[in-house]
Amino acid sequence: MGDKIKKNIITIIGIPVGMAGGFLYWKYVGCASGTCPITSNWKIMLVYGAVMGGLLGNMVQGFFVKKEQA
C-alpha cells in the first residue's frame, strides 16, 4: 500500500489542489446568473476541480516519475 502511495504522490497531491482551484473558480469567476450547469454550484466545481487536478497531476507525474515497465 505504501509503495502505491509513493508512486502516485503527485496525483494524490493534485486532487486537493484541484478541489481548491475549483472552489476558488466558483467563488471568484463562476456563473452569476446561476444558469451555468457546472460553474453555478460549488459542490460540482469541487468534484470537477478534483478530477482535473488528478488528471493534471497524473500527467505531470508521467514526466517526473519513471514508470516500471511490465
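Every number here is computed from the coordinates shown, using simple stated rules; none is lab data. Values in this document were obtained by computation on a predicted structure and should not be read as measured data. Cβ coordinates were reconstructed from backbone atoms using ideal geometry, including for glycine residues, and neighbour counts include every protein chain displayed.
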What does the charge dipole of the chain about its Cα centre add up to, to the nearest 20 debye, if the Cβ of each Lys and Arg holds +1 and the Cβ of each Asp and Glu holds -1?
120 debye
Sequence order, the stretch 51-59: Karplus ³J(HN,Hα) from phi using 6.51 cos²θ - 1.76 cosθ + 1.60, θ = phi - 60°, Hz rounded, Gly and Pro as x, gives 5, 5, x, x, 5, 5, x, 5, 5
